[in-house]
1. Within the bounds of region 133-140, is there any residue that is out of contact with any His (no Cβ under 7 Å at 6 or more places or on another chain), touching a residue at least 40 places away in the same chain (Cβ under 8 Å), open to solvent by 10 Å² or more (accessible area, probe 1.4 Å) and closer than 28 Å to Val181 by Cβ?
2. Please tell me if Ile155 is within 17 Å of Leu126 (Cβ to Cβ), of a type outside the set (Gly, Ala, Ser) and touching a residue at least 24 places away in the same chain (Cβ under 8 Å).
3. Condition first: hydrophobic (A, V, I, L, M, F, W, C) and outside any helix (DSSP H, G or I). Can you find one or more residues in region 179-190 that meet it?
4. How many of the residues making up region 171-189 are open to solvent by 30 Å² or more (accessible area, probe 1.4 Å) and closer than 13 Å to Ser131 by Cβ?
5. Consider region 229-258. How many of its residues are part of a helix (DSSP H, G or I) and within 27 Å of Ser160 (Cα to Cα)?
6. May I ask you to say which residue of Asp192, Asp147 is surrounded by fewer than 17 Cβ atoms within 10 Å (Cβ to Cβ) and farther than 30 Å from Leu249 by Cβ?
7. If I go through region 97-117 residue by residue, how many of them are in a loop (DSSP other than H, G, I, E, B) and in contact with a Phe, Trp or Tyr (Cβ under 8 Å, 6 or more places away or on another chain)?
8. Taking region 158-189 only, how many residues are over 18 Å from Ser114 (Cβ atoms) and in contact (Cβ under 8 Å) with a residue 40 or more places away in the chain?
Amino acid sequence: MKFEQGKMSLSFANLIPLLQRLRIAPSELLSFQNNYQLSKMGAFFYGVGEAYNRRDLITLGHLLEEQEAPHPDEPPNLPFYRLNAIAIKAAMGMLQNKPLNQDDVSFASEYLVSQGTWFNYDLGILTYLPSFLTEDTLVWIAHHLYDQTSAFAAILNNASLIVEIALNVATVLIAGKHNYVAANWILNRSRDVPYVKDMITSELRLKQLEAAIEYHRGNTKMAEETNARILSTLHWLELTQKAAEIESLWPQLISVSH
């Protein structure tokens, strides 16, 4: 095809059906077009996250300078460079145990509340903010997080970001605001979300598979004990169906017959 050979361009309306016929996701095409490199937005959040995890205030400072520098390529009324800077300042504030400027808190809060749907960018910004938000804003997020993100939860790394934000919000509500009702609400809502259960189960399945390898290496007692702990954890979490699935898999994993 001429398109596959790079000899013609397509409108967006024609491109999507073509990608569907070729069984290519739009995100895969964009990654190819970007030479498999992170997008500008992805690179920003990756850089902030890496610096934060290393507790690298110098790198965070450099990133902040980049966001606060003039950007003539972008209309001045767009909020994104300021939101980027706020996220960095929030990351630095958590590392230094310092508050965030109230104007920045209000700006970020008003932006998030005004968005009918939260996309990957919004989640990336919100990840760093719960410690600095007012109790009213945290309660609002607790009640709206899953509704605001339901349309795109399965896209990119949104599901893991949503869960991280939910836990961060609950942590601040419990430890900082002592609002146990709102914290309990978001935790109960989290338990009902399928991808939260899938994340928990995936980690435990990984442990079970590692235990099965140890079983075949001769460490049968340790392997059986690990599997029992996995099943006990799932039952404790009231994931009864997941427990049944994993329990039924164990005899197959430790069988020596082919």
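1. Yes.
2. Details: within 17 Å of Leu126 (Cβ to Cβ): yes; of a type outside the set (Gly, Ala, Ser): yes; touching a residue at least 24 places away in the same chain (Cβ under 8 Å): yes.
When the stated conditions are applied, Ile155 passes them.
3. No, that holds for no residue.
4. 5
5. Applying the first criterion (part of a helix (DSSP H, G or I)) to region 229-258 yields 229-236, 240-254.
Then drop every residue that is not within 27 Å of Ser160 (Cα to Cα), which leaves 229-236, 240-247, 249.
Count: 17.
6. Working: Asp192 fails: farther than 30 Å from Leu249 by Cβ.
Checking each option against the conditions leaves just Asp147.
7. Number of matching residues: 3.
8. 13
The values are calculated or read from the model by the stated rules, or taken from the named source; none is laboratory data. Remember, predicted model here, so these are calculated numbers, not experimental data. A quick note on method: Cβ atoms are made from the backbone with ideal geometry, for glycine too, and the neighbour counts reach across all protein chains shown. Just the protein is used for accessible areas: all its heavy atoms, side chains included, with ligands, DNA and RNA removed. Shrake-Rupley method; radii C 1.70, N 1.55, O 1.52, S 1.80 Å.
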